[in-house]
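Just below is one structure, and these are the notes that go with it.
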Amino acid sequence: MRWILISLLFSFAYCAVAQTTPNNDQRMQWWREARLGMFIHFGLYAIPAGKWGDKTNYGEWIREEAHIPVKEYEKFQKEFDPVKFNADNIVKMAKDAGMKYVVITTKHHDGFCLFDSQYTNWDITNTPYKKDIMKQMAAACKKYGLKMCWYHSIMDWHEPDYLPRRTWEVKDRPVDGANFRRYVQHLRDQVTELLTNYGPIGVMWFDGEWEATWNAKDGKALYDLCRKLQPNVIVNNRVSVERGGNTEVTEAPLKQVGDFSTPEQFIPPTGLGNVDWETCMTMNDHWGYNAYDKDWKSSTTLIHNIIDIASKGGNYLLNIGPEASGEFPPEAIARLKAIGAYMKVNGDAIYDTKASVFEDLPWGRSTTRENGSTTTLFLHVFDWPTDGKLVVPSIGNTPDGAKLMATGAALNCQRVGSDIVIDVPENAPDKVSSTVVLTVEGAPIVYKTPKISSPSAILVSSLPVSLTGGNGQDIRYTTDGSDPTNTSTLYSGPITISDTTTIKAAAFHGDTKVTSTASQEFQKVTPQPAMDVNDLEAGLSCQEFQGDWAKMPDFATLTASKSFVATKLDFPMKGGVAEEHVGRHYTGYIDVPADEVYVFGLTSDDGSMLYIDGKPVVDNDGLHSSTLKTGSAPLAKGKHSITIDWYNATGGADLELKWGVAGQTLNMPKAEDMWHSK
């Protein structure tokens with residue numbers, strides 16, 4: 001709702017720029033229909049082609065990862081001459097591959113601009129090549145009918161006012177005189193150029209927002225600037241700091257600034273619900289060109305990814321890193337041709353479709369298009385049935401007809417119990433994925449196998465268990481390990497168990513079982529005994545360490561920079577900003593009030609670990625933004641040892657622990673819950 005209000009405010013403030021300000025659905029429509037785009041990472045880093053010294057594993061981060069001094073890196077500008085860069089050829093390759101938009105790096109983290117910027121000499125017009133690549137790309141996209149989109153880095157390793165400095169270069173590139181607020185204006189000036197000088201832009205794709213100097217206020221202001229300059233432009237969630245990690249998605253849609261989420265190098269297992277999202281992914285292992293990287297994903301994998309992502313309601317932004325000459329690697333070109341051949345036949349089953357109505361299909365994926373009184377289910381068959389029968393499971397609709405997309409040939413289909421069975425030919429039209437088009441009457445009615453959920457899989461005294469799903473059908477269950485029948489207990493509310501139990505559940509339409517059976521075992525256990533400890537004082541012992549870690553270090557082998565007693569979990573701050581390259585090791589005891597299973601929720605940015613009685617309970621390790629992980633432990637009444645390890649690499653920081661009896665609300669420990677030895 002707040003974005004609608006903002007849009008209305010802009011429509012009044014900038015009526016001279018645009019007659020109306022489009023709402024979110026209007027702006028997002030083309031993007032939601034597109035499903036497939038091309039990502040291009042191109043810049044000076046293509047010149048070393050991944051090699052520096054005796055290492056060959058670098059890409060667009062080569063300056064940072066190889067610790068190349070800025071003066072040394074600047075020499076690449078005089079060498080950059082991509083005379084074989086051909087925007088027409090690139091955009092046509094994207095179009096022929098079935099892609100609907102192109103996102104290209106206007107500036108990556110090294111700060112070098114591929115466009116003509118009046119705010120810096122660190123751009124392409126001061127290379128032997130001299131020509132503005134963005135101008136060429138914008139013209140080519142207009143010619144071929146694709147949406148032109150810009151990637152632009154918030155982080156900048158070259159601009160003198162950008163902070164923080166890389167830790168390894170401070171001695172050669174001091175921060176004296178640097179003014180981050182002045183850099184923010186520089187960033188806004190360049191974004192203004194990009195959204196003023198090149199015509200309509202589909203997406204502003206920001207990145208590099210995670211360092212501590214950038215904040216939510218700056219992100220919101222930059223988002224607003226983009227919308228002011230081009231009311232139709234779409235802005236990704238990396239414009240601000242609250243977007244979840246690259247390898248997991250934790251952000252709530254109302255918390256997110258920006259129009260869509262950006263999982264990187266992975267496909268969310270079940271999509272992101274009603275949140276617009278786009279997986280960006282490399283064809284091999286690097287974004288920027290690496291001549292030594294031969295780990296190319298197969299065409300089959302890439303095509304399956306396109307289908308998988310569309311079936312979960314997302315877009316696929318597939319990356320290519322051009323060579324220093326401006327040419328695409330031949331391996332990338334071959335894969336684009338294979339994708340294009342597939343999309344030419346099957347594109348209608350990808351574009352302008354919605355997510356699958358099925359939770360799981362044993363033979364492939366499905367996408368959906370509603371047509372008023374009927375619904376089209378595009379069945380993407382990876383594993384062609386050997387018996388000539390394609391089974392569409394647990395669906396309540398009446399079939400209206402089926403056909404092969406590749407040939408248009410009609411296929412016989414009929415209801416068999418709770419399934420629809422389609423007769424298919426012996427051989428698949430396409431070994432990678434063949435599309436069967438099934439039309440059914442009305443909106444989809446899919447019977448969903450119930451889900452068995454509980455705060456824990458173990459219990460000490462009792463435990464609540466809930467059953468969900470069924471999609472409006474009756475859920476029947478058993479607690480003796482037998483398969484449910486139409487006479488089994490009808491689920492009407494949470495089940496309380498007090499002993500080792502196996503629960504099985506299935507959905508029934510009348511007397512007919514219409515789903516598979518869900519099953520889960522719950523184990524009654526003896527709680528871990530409390531410790532006999534005396535001479536305790538309130539609070540936890542805390543040691544603080546300095547270091548640059550990407551995973552949890554063994555603090556026992558390191559020397560602490562300071563030690564103190566902490567009355568609460570916290571992280572170090574300096575000047576109102578979270579300190580970077582720091583870790584903490586909390587130890588002591590937690591006072592457990594009763595014999596029970598306890599759930600612990602540990603939130604951190606970056607990594608954290610929780611141990612109870614020396615056993616790992618929550619593993620929240622790794623570089624990520626604020627992320628919650630949970631774990632459980634059966635504990636007897638009394639004192640139990642607790643250890644919490646945490647570190648922050650760069651950017652924002654967070655550390656919070658909550659706990660409670662399984663099935664009850666989790667709360668932060670009280671002061672009287674935490675103790676340490678005198």
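The values are calculated or read from the model by the stated rules, or taken from the named source; none is laboratory data. Values in this document were obtained by computation on a predicted structure and should not be read as measured data. With ideal geometry, Cβ positions are generated from the backbone for all residues, glycine too; neighbour counts draw on all protein chains shown. All accessible areas refer to the heavy atoms of the entire protein, side chains included, with ligands and DNA or RNA removed. Shrake-Rupley method; radii C 1.70, N 1.55, O 1.52, S 1.80 Å.
Are there any pairs with C-beta distances below 6 angstrom linking a residue in segment 76-89 that is touching a residue at least 40 places away in the same chain (Cβ under 8 Å) to a residue that is in a helix (DSSP H, G or I) and buried (at least 16 other Cβ atoms within 10 Å of the Cβ), with the two at least 6 apart or on different chains, and if so which?
Final answer for the pair search is F80/L44; A87/Q136; A87/M137; A87/A140; D88/A140.
State which residue pairs qualify: first residue closer than 30 Å to T270 by Cα and in contact (Cβ under 8 Å) with a residue 60 or more places away in the chain and inside segment 311-340, second residue among the aliphatic types (A, V, I, L, M) and open to solvent by 10 Å² or more (accessible area, probe 1.4 Å) in any location, beta carbons under 6 Å apart, and separation of 6 or more residues or different chains.
L336/M93
From the list L623, L657, L628, L610, pick out the single residue that is within 28 Å of Q523 (Cα to Cα), hydrophobic (A, V, I, L, M, F, W, C) and open to solvent by 40 Å² or more (accessible area, probe 1.4 Å).
Exactly one of L623, L657, L628, L610 is within 28 Å of Q523 (Cα to Cα), hydrophobic (A, V, I, L, M, F, W, C) and open to solvent by 40 Å² or more (accessible area, probe 1.4 Å), namely L628.
What pairs come up if the first residue lies in segment 33-51 and is under 15 Å from T282 (Cβ atoms), the second is part of a loop (DSSP other than H, G, I, E, B) and among the basic types (K, R), and their beta carbons are under 8 Å apart, counting only those six or more places apart or on different chains?
G37/K100
I need the full set of residues from segment 451-465 which are in a strand (DSSP E or B) and out of contact with any Gly (no Cβ under 8 Å at 6 or more places or on another chain), in order please.
Selection gives I452, S453, I458, L459, V465.
Where the second residue is open to solvent by 50 Å² or more (accessible area, probe 1.4 Å) and not in a loop (DSSP other than H, G, I, E, B) and the first is closer than 15 Å to S625 by Cβ and at pLDDT below 95 and lies in segment 212-232, which pairs have Cβ atoms under 7 Å and are six or more apart or on separate chains?
These pairs meet every condition: A212/V577.
State which residue is farthest from E327 (Cα to Cα) when the search covers only segment 252-301 and only residues that are among the aliphatic types (A, V, I, L, M) and open to solvent by less than 20 Å² (accessible area, probe 1.4 Å).
The selected residue is V257.
Among the residues of segment 390-408, write down those that are over 36 Å from the mean Cα position of the chain (by Cα), farther than 11 Å from T439 by Cα and either in contact (Cβ under 8 Å) with a residue 12 or more places away in the chain or surrounded by 18 or more Cβ atoms within 10 Å (Cβ to Cβ) (or both).
T407
Can you spot a residue in segment 376-388 that is part of a strand (DSSP E or B), small (G, A, S) and open to solvent by less than 40 Å² (accessible area, probe 1.4 Å)?
no
Of these, D189, D161, D123, which one is over 27 Å from the mean Cα position of the chain (by Cα), farther than 24 Å from D605 by Cβ and free of Cβ contacts under 8 Å to residues at least 12 places away in the same chain?
D123
Could you say whether any residue in segment 554-565 is at pLDDT below 95, assigned to a loop (DSSP other than H, G, I, E, B) and polar (S, T, N, Q)?
No, there is no match, as no residue in segment 554-565 is at pLDDT below 95, assigned to a loop (DSSP other than H, G, I, E, B) and polar (S, T, N, Q).
If you go through segment 466-487 one residue at a time, how many are closer than 14 Å to T517 by Cβ, open to solvent by 20 Å² or more (accessible area, probe 1.4 Å) and part of a loop (DSSP other than H, G, I, E, B)?
Number of matching residues: 8.
Looking at segment 200-213, which of its residues are surrounded by fewer than 24 Cβ atoms within 10 Å (Cβ to Cβ) and either among the hydrophobic types (A, V, I, L, M, F, W, C) or over 16 Å from V257 (Cα atoms) (or both)?
Those that are surrounded by fewer than 24 Cβ atoms within 10 Å (Cβ to Cβ) and either among the hydrophobic types (A, V, I, L, M, F, W, C) or over 16 Å from V257 (Cα atoms) (or both): P200, I201, W210, E211, A212, T213.
Filter segment 527-574 for residues that are closer than 15 Å to N648 by Cα, of a type in the set (A, V, I, L, M) and touching a Gly at 6+ places or on another chain (Cβ under 6 Å) and give the result.
Within segment 527-574, M552 is the sole residue that qualifies.
From Q473, Q528, grab the single residue that is more than 27 Å from D595 (Cβ to Cβ) and of a type in the set (S, T, N, Q).
Residue meeting the stated conditions: Q473.
Need pairs with beta-carbon distance below 6 Å; first residue within 20 Å of T376 (Cβ to Cβ) and within segment 425-438, second of a type in the set (K, R) and in a strand (DSSP E or B); sequence gap 6+ or separate chains.
Taking only residues 6 or more apart or on different chains, the pairs are V437/K403.
Of all residues in segment 488-537, how many are aliphatic (A, V, I, L, M), in contact (Cβ under 8 Å) with a residue 24 or more places away in the chain, farther than 30 Å from A566 by Cα and open to solvent by 20 Å² or more (accessible area, probe 1.4 Å)?
Qualifying residue count, segment 488-537: 1.
Is one or more of the residues making up segment 322-338 modelled with pLDDT of 95 or more, farther than 29 Å from D259 by Cα and of a type in the set (F, W, Y)?
yes
Can you tell me which of K130, K71 is without any contact (Cβ under 8 Å) to a residue 40 or more places away in the chain, surrounded by fewer than 17 Cβ atoms within 10 Å (Cβ to Cβ) and in a loop (DSSP other than H, G, I, E, B)?
Within the list K130, K71, the selection yields K130.
Can you confirm whether segment 640-649 contains a residue that is in contact with a strand residue (DSSP E or B) (Cβ under 7 Å, 6 or more places away or on another chain), open to solvent by less than 20 Å² (accessible area, probe 1.4 Å) and charged (D, E, K, R)?
Yes.
A quick yes/no check of all residues on (1) at negative phi; (2) open to solvent by 50 Å² or more (accessible area, probe 1.4 Å); (3) part of a strand (DSSP E or B); (4) of a type in the set (D, E):
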site: F545; (1), (2), (3), (4): yes, no, yes, no
site: W549; (1), (2), (3), (4): yes, no, no, no
site: F571; (1), (2), (3), (4): yes, no, no, no
site: E580; (1), (2), (3), (4): yes, no, no, yes
site: I590; (1), (2), (3), (4): yes, no, yes, no
site: Y598; (1), (2), (3), (4): yes, no, yes, no
site: D619; (1), (2), (3), (4): yes, yes, yes, yes
